[in-house]
Amino acid sequence: MTNLDQYKVHQQPFYQAQGDEVALYEAAYSARLPVMVKGPTGCGKSRFIEYMAWKLNKPLITVACNEDMTASDLVGRYLLDANGTRWLDGPLTTAARIGAICYLDEIVEARQDTTVVIHPLTDHRRTLPLDKKGELIAAHPDFQLVISYNPGYQSLMKDLKQSTKQRFTAFEFDYPAAEMEAGILGKEAGIELGLATQLVKIGQVARNLKGHGLDEGISTRLLVYAATLIKGGVAAKAACRMALVRPITDDADIRDTLDHAIDATFV
Amino acid sequence: MLVSEPATISAELQPYWERLNVGFPQVRAVFAECLTEAQALLSEEGINSYIDNARFLGKMGRGVEPILVYLEEAPTVAQHAGEHSLLMLKDFAYLLSKSTNFGAIVPFLQTVAAVSRRLHSQELLQQYLDLSRQLMEDTTSSVHGHHKTFASPALPEFFKQAPKLLEILSLQGLKNWADYGARYYNDHPERQIEYFALQSADSKAVLQRERHGTLLVDNERKLDLYMHGLWQDGDPFIPYSVAFDELRVPYFNAEGIRLPDVYDDLQLPSPTGRGAGGEGTLVISGIDRYRAALAHIAAHRRWSKPVIADNISPFQRMAVEFFEDIRVEQLAMKLYPGLRKLFMALHPIPIEDACDPDQQSAVRHRLAMVSRAMLDPACGYRNKDVCEIVARFQRIMAEGESSTLEMVDLAISFIARTRRQADLSANVYFDNTEVDYRDDNRHLWIFIEEGDEEEAFDKPEQVEQKEVFSGLPPRHYPEWDYSAQNYRPDWVSVYEGLHPSGNAADIDRLLEKHAALAKRLKKILDLLKPQDKVRIRYQEEGSELDLDVAIRSLIDYKSGAQPDPRINMSHRNDGRSIAVMVLLDLSESLNEKAAGSPQTILELSQEAVSLLGWAVEKLGDPFAIAGFHSNTRHDVRYLHIKGYSEKWDDSVKARLAAMDASFSTRMGAAMRHAAHYLEQQPTDKKLMLILTDGQPADIDSKDGELLIADARQAVKELDRQGIYSYCINLDPKADEYVADIFGRQYTIIDNIAQLPQKLPELFISLTK
Ligand SMILES: Nc1ncnc2c1ncn2[C@@H]1O[C@H](COP(=O)(O)OP(=O)(O)OP(=O)(O)O)[C@@H](O)[C@H]1O
Ligand SMILES: [Mg+2]
């Protein structure tokens, strides 16, 4: 049988709760309700799920979705080998069998005909038909499905079907409030709070520009990058330009404004 | 001039008077005064040259004016451009005198001091004289066959305008501007005069072209981003011209933020800012000067509250303004410490001992010292009053934000404690006390006396007379009442009608105007156009074997490796399956001029929608266009412009051409009504684009939140119907509400002039 232990989160991940999401998630899990986490990129969605898996002491299987993914990539397929064919479970099937939390990251990236395979797992049936193998799996009682997506990709071509959306309970994440975000930077990168506060301020300048030529502001993840660079000895202004500004925009006016914000924030 | 008795010339000045040796009584009257001034500025040798050249001008035979003006102005010129310039002035005046252009001598001499103040060097002054001479030669004409030559019409006007021109142009720019006028108006004396008097439109246009520095018009977006990003604030910028307006410093009011139309890079002779010592220079770029001015304004807008001015004396008011300026800058620097460097560079440095508080009114000077000291702790002022107030100020700021009212108290006590006899003197000390990036603080004061009480009475609500709107019977829609958290059923009546028609050719003309843009868009559209069949590779099951992959798999298999089972491919019909509804806000406010554009918002929307219509037609997506406005909940108009079954043809264009704006914006009802058409489209995706310039509002809805909440509710309903709504907002203040309604599905177009380009681009990227 599959080694359960390899999917466990052994070390407590650092996760700073933004509100009562931990308790709410526990409630959803105890009823085995499917969960969707929405939010802009790099705001802590994956970290939250990892933390919950640790806290609930359940295995976690993460799948990063992409456009080329087919249903077989989730469910499993027959492989040819010297002795003929052999069935190999896909990550979703494995999770259903062993009772893991299956986290489909960036589900909107997958094609819609792929997404529908999760439907039977998400209602009262809690089953997964393996059509090719002619098997119907009843999900393990510990199994739970979690998907994440970023509604900020401003394209209606990348949106979930209503019939998919309406099978999930949902958490809406956003970047943490300033003080909390500074605390996260401090913990993650080991920098002092004053510096973290300054970084967060620059993040907020960019977030204010959302819709004015920026599709997304600066993520917590990028702020952690900047903090890490500074911690490693890079000068603050250079680290900010490199980790916060250059990655998010090619628009000269916005770049100039953010560079100025850096100059105005660090003396 | 009337001279009653000959002015006396003191014995001391007698030798100079004799050296001058002219008989004009008018000259005698001013001689002593002029000479005393000249002695303060010139060397002994310079004085002799001054007098000799003056004598020459007096004996030139062009009357008394040249010598009078020369005596008055020449010392200043020498001060800025060296004593050799005394001779240069005379020579140039003589040149004019010999030609038919003697009429230009006086204007030349009258402005040359101001000119030299701008140019600041003998070389540049020489260049100025050279270019004036060139202009004279280019514009002085002789008519063929006659011996007579005609004076240059341009020259006197040119001299009159020269100081103003040099305020904003480099010398090179001035030369280009003058050359242009000389070349194009050589045969037309009246037009030439107009040009050189800065009265004709092209004269101003060339001036704009030649000016140097950072222009506001070129940087509006950047500054807008600055305001939004760093201050979460924003308003239209309105430029004023340093050259043609009286206004010297920025200000803001309900119409917007006024800033100079150009800022030069500022080269400071010291690394720490104006007037201070130290090696090296510091350059503050024009764009940073704008940012400094905006930071100051934004700080006022965030932290200042107006106070009643009536019981506060002018001195006290000046002190309040200084203190409030200081306070908000301290708060701004707390937020963005890097601002200190910028403010310090731009803030003048009052020189402590330069002003004699017993002879001159020194209040300004004292206040400016306080202001400087609060920026620059190392400034080292010794003045007891100044040091005391600075210490007190710092204590206040250490405690928190303080307030405008506390500044009023502080200012009144400061004025009382530092009062001096000479404060009331008309001789006010101004040097290094004017902080020109700061606004004029008009926002700080409320004057009760002049108040217009009439405005206090509520105007009776005016429901505009509705004209008869022939069309279908109304449809009723609910409206969301957020306070009750419930719908008001059948609350709104929507009347649908056909939009009136105009001239379709107008729209074709608009499209032609944007031909270049259309060409660019076409390239992108071609890429987006649905190709009928798309091959999908790497399929386990499919309609055809993918030979490449199959062979690779077979080789893997034969060699004992794990073969890839995805050896098939299939085909998919890549039909774009999107239906679009473009919903246009046609409320009254669209008739306003767009900031930074000669066109109204309506005209720009019309252009934008025409281009969008053209683009969507090219793609073949089904689309509809409708406009809406409202006049209370009983009368929401929904104007049909294009339906899904209609082609993008002349009848549609004719309706677009007649687009007109009036009444208010009850957005939710219009969205619901539009949705009921869009919903019926059999496509996979449904997109509703809402183009608006403001927040939902109507005259029967006093609570601004209500219609916002209703629109948000409408977005939710649409989402449930599988309709993706997306707002294109033209309101610079939209940050305050647009995300509340549309979540993440919006764009704010700051520079409305770009709308025609932005709208189709946005559509393309949304549906890519
Ligand atoms: N609440 C939080 N507690 C601890 N760390 C956080 C938190 N929020 C964000 N972070 C930091 O931000 C980084 C990015 O977070 P995460 O990878 O969870 O983002 P995400 O929302 O999953 O992004 P994406 O949508 O791009 O996958 C984390 O590695 C962590 O350093
Ligand atoms: Mg001010």
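The values are calculated or read from the model by the stated rules, or taken from the named source; none is laboratory data. As the structure is a prediction and not an experimental result, all values here were calculated from the model. When we count neighbours, we look across all protein chains shown, and the Cβ atoms used for this are built from the backbone with ideal geometry, even at glycine. Just so you know, the surface numbers come from the protein's heavy atoms only, side chains and all, with ligands and any DNA or RNA stripped out. Shrake-Rupley method; radii C 1.70, N 1.55, O 1.52, S 1.80 Å.
At-a-glance table
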{"item": "Lone qualifier among A:253, A:259 - being more than 10 Å from chain B (Cβ to nearest Cβ), open to solvent by 20 Å² or more (accessible area, probe 1.4 Å), in a helix (DSSP H, G or I) and of a type in the set (Asp, Glu)", "result": "A:259"}
{"item": "Count of segment B:731-763 residues which are at the interface with another protein chain (Cβ under 10 Å from one of its Cβ atoms) and of a type in the set (Asp, Glu)", "result": "2"}
{"item": "Single condition residue A:41 does not satisfy, out of (1) closer than 25 Å to residue A:130 by Cβ; (2) open to solvent by less than 70 Å² (accessible area, probe 1.4 Å); (3) assigned to a loop (DSSP other than H, G, I, E, B)", "result": "(1)"}
{"item": "Meets criteria (surrounded by fewer than 21 Cβ atoms within 10 Å (Cβ to Cβ), touching a residue at least 60 places away in the same chain (Cβ under 8 Å) and within 11 Å of another protein chain (Cβ to nearest Cβ)) for residue B:766", "result": "yes"}
{"item": "Boolean, residue B:317 is closer than 24 Å to residue B:395 by Cα, away from ligand 2 (no atom under 11 Å from the Cβ), at pLDDT 95 or above and not in a loop (DSSP other than H, G, I, E, B)", "result": "no"}
{"item": "Count - residues of segment A:12-50 that are in contact with a Lys or Arg (Cβ under 9 Å, 6 or more places away or on another chain) and more than 10 Å from ligand 1 (Cβ to nearest atom)", "result": "8"}
{"item": "Selection status of residue B:193, among the β-branched types (Val, Ile, Thr) and within 30 Å of residue B:266 (Cα to Cα)", "result": "no"}
{"item": "Matching residues in segment B:717-726 - criterion: being more than 8 Å from every other protein chain (Cβ to nearest Cβ), out of contact with any Lys or Arg (no Cβ under 8 Å at 6 or more places or on another chain) and assigned to a strand (DSSP E or B)", "result": "B:725"}
{"item": "Given (1) surrounded by fewer than 23 Cβ atoms within 10 Å (Cβ to Cβ); (2) in a helix (DSSP H, G or I), index of the condition residue A:267 fails", "result": "(2)"}
{"item": "Strands (runs of 3 or more DSSP E) contained entirely in segment B:531-647, each with at least 2 residues that are within 14 Å of chain A (Cβ to nearest Cβ) and open to solvent by 10 Å² or more (accessible area, probe 1.4 Å)", "result": "B:533-539, B:568-573"}
{"item": "Neighbours by Cβ (under 6 Å, 6+ apart or cross-chain): first from segment A:32-45, more than 15 Å from residue A:103 (Cβ to Cβ); second within 6 Å of ligand 1 (Cβ to nearest atom) and open to solvent by 20 Å² or more (accessible area, probe 1.4 Å)", "result": "A:42/A:221"}
{"item": "Residue B:432 modelled with pLDDT under 90, of a type outside the set (Phe, Trp, Tyr) and over 31 Å from the mean Cα position of the chain (by Cα)", "result": "no"}
{"item": "Count - residues of segment B:681-718 that are open to solvent by 30 Å² or more (accessible area, probe 1.4 Å), touching a Pro at 6+ places or on another chain (Cβ under 8 Å) and within 19 Å of residue B:486 (Cα to Cα)", "result": "0"}
{"item": "Exclusive hit being away from chain B (no Cβ under 14 Å) and surrounded by fewer than 20 Cβ atoms within 10 Å (Cβ to Cβ), set A:161, A:237, A:231, A:165", "result": "A:231"}
{"item": "Conditions (1) closer than 30 Å to residue A:205 by Cα; (2) within 16 Å of ligand 2 (Cβ to nearest atom); number of the one not met by residue B:334", "result": "(2)"}
{"item": "Boolean, residue A:85 is assigned to a strand (DSSP E or B), within 14 Å of another protein chain (Cβ to nearest Cβ) and surrounded by fewer than 21 Cβ atoms within 10 Å (Cβ to Cβ)", "result": "yes"}
{"item": "Given (1) assigned to a helix (DSSP H, G or I); (2) outside the structural domain of residue B:135 (by TED's automatic domain parsing), index of the condition residue B:8 fails", "result": "(1)"}
{"item": "Segment A:57-82, residues that are open to solvent by less than 70 Å² (accessible area, probe 1.4 Å) and more than 14 Å from chain B (Cβ to nearest Cβ)", "result": "A:58, A:59, A:60, A:61, A:63, A:65"}
{"item": "Pairs where the first residue, in segment B:631-652, is small (Gly, Ala, Ser) and the second is open to solvent by 50 Å² or more (accessible area, probe 1.4 Å), C-beta under 9 Å, 6+ apart", "result": "B:643/B:677; B:651/B:501"}
{"item": "Qualifying helices (runs of 4 or more DSSP H) (wholly inside segment A:113-225; at least 1 residues being in contact (Cβ under 8 Å) with a residue 40 or more places away in the chain, more than 16 Å from ligand 2 (Cβ to nearest atom) and among the basic types (Lys, Arg))", "result": "A:162-165, A:178-189, A:193-208"}
{"item": "Test: residue in segment B:45-67 that is touching a Gly at 6+ places or on another chain (Cβ under 7 Å) and within 23 Å of residue B:124 (Cα to Cα)", "result": "no"}
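Residue-by-condition table, conditions (1) out of contact with any Lys or Arg (no Cβ under 9 Å at 6 or more places or on another chain); (2) at pLDDT below 95; (3) within 22 Å of residue B:268 (Cβ to Cβ):
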site: B:331; (1), (2), (3): no, no, no
site: B:349; (1), (2), (3): no, yes, yes
site: B:356; (1), (2), (3): yes, yes, no
site: B:361; (1), (2), (3): no, yes, no
site: B:377; (1), (2), (3): yes, yes, yes
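Conditions tested, residue by residue: (1) assigned to a strand (DSSP E or B); (2) among the small types (Gly, Ala, Ser); (3) under 29 Å from the mean Cα position of the chain (by Cα); (4) at positive phi.
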| residue | (1), (2), (3), (4) |
| --- | --- |
| B:700 | no, no, no, no |
| B:705 | no, no, no, no |
| B:708 | no, no, no, no |
| B:713 | no, no, no, no |
| B:728 | yes, no, yes, no |
| B:731 | no, no, yes, no |
| B:747 | yes, no, yes, no |
| B:753 | no, yes, yes, no |
| B:756 | no, no, yes, no |
